[in-house]
Amino acid sequence: MDRLELSWFSTIPPAGNPSRFAWRPPPSGPGPKALAGLVLLLGFGCASPPYQPALLYLPGREPGKALRDSVEPVHTFFPRVRFLQKNLILTGWIPLSGLPYPCRARAEILARPVSGGTLLEIAVQRSKLQAALLTQPAWVDDGGDRALEERLRKVLAAQLGGRPVKPGEVPRRRPASRGSG
C-alpha cells in the first residue's frame, strides 16, 4: 500500500502529538459576534427606563375626594367616565385625529395615598385599528400617549392645585415605628 493511500488506520493519531489529529465536534451555538450583539441588546434593554405615568401630587387631600374633584376636569378631554371607584377612574374611548391611521385613547387615573396627601397617576392608553387580510380588523395596543397625559395633568393641576412630580421624587409613606404592628 502506498503512503498516499488512506485507510482506516490513518485516523489513529500518532504517538507524538495526539491533539493535532483528535476529532473535535463542530462549534455549535452563537458565534462570538452574535453573542456580543446579544449582550449589547440586553444592556440597552435594561438601560431603558420602564413606563411611568404622569404624576400629580395633591397635598392635604384624601384619595376619594381627589378623584371626585377630578371628574369634571377629566370631562374636558374624555366626555364619558365608564368606571369610578374610591381610588380609580376609567374613561371611555375617544377618537384621536391627526394621525395617519384610525386611533383611539382612554384615560386611567389612580389615586394613591402618600404622606401628606394624594398622588394621582395619570395614564392614557392608545390603540390603533390594525388592518387584516384574512380576518376582521381589530384594535391593538399602541402604547401610552405621553402628550395627552401631560395635557391632562396640566388641566388637573390648574383645577385642583398640586404640583407635578418626577418618578424619582415620589413622596412615600413613612415606615411605622417599631412595636406599632
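In what sequence, largest accessible area first, do Trp139, Trp93 appear using a 1.4 Å probe?
Trp139, Trp93
Rank Leu156, Leu88 by accessible area, highest first, at a 1.4 Å probe radius? Spell out each step's value before the answer.
Details: Leu156 0, Leu88 40 Å².
Ranked list, largest accessible area first: Leu88, Leu156.
Under a 1.4 angstrom probe, counting protein chains only, how are Tyr51, Tyr57, Tyr101 ranked by accessible area, largest first?
From most exposed to least exposed: Tyr51, Tyr101, Tyr57.
What pairs in Lys33/Lys166; Lys65/Lys128; Lys86/Lys166 have C-alpha atoms more than 28 Å from each other?
Pairs exceeding 28 Å: Lys33/Lys166; Lys65/Lys128.
Using +1 on the beta carbon of Lys and Arg, -1 on that of Asp and Glu, and nothing else charged, what's the dipole of the range 93-154 about the Cα centre, debye to 20? Could the numbers behind the result be given before it?
Values: 9 positive and 7 negative charges, 31 e Å.
Once rounded to the nearest 20, the dipole reads 140 debye.
The values are calculated or read from the model by the stated rules, or taken from the named source; none is laboratory data. Keep in mind it's a predicted model, so treat the numbers as computed, not measured. As a convention, Cβ positions derive from the backbone with ideal geometry for all residues, glycine included, and neighbour counts pool all protein chains shown. Accessible surface is based on the protein model in full, side chains and every heavy atom, while ligands, DNA and RNA are left aside. Shrake-Rupley method; radii C 1.70, N 1.55, O 1.52, S 1.80 Å.
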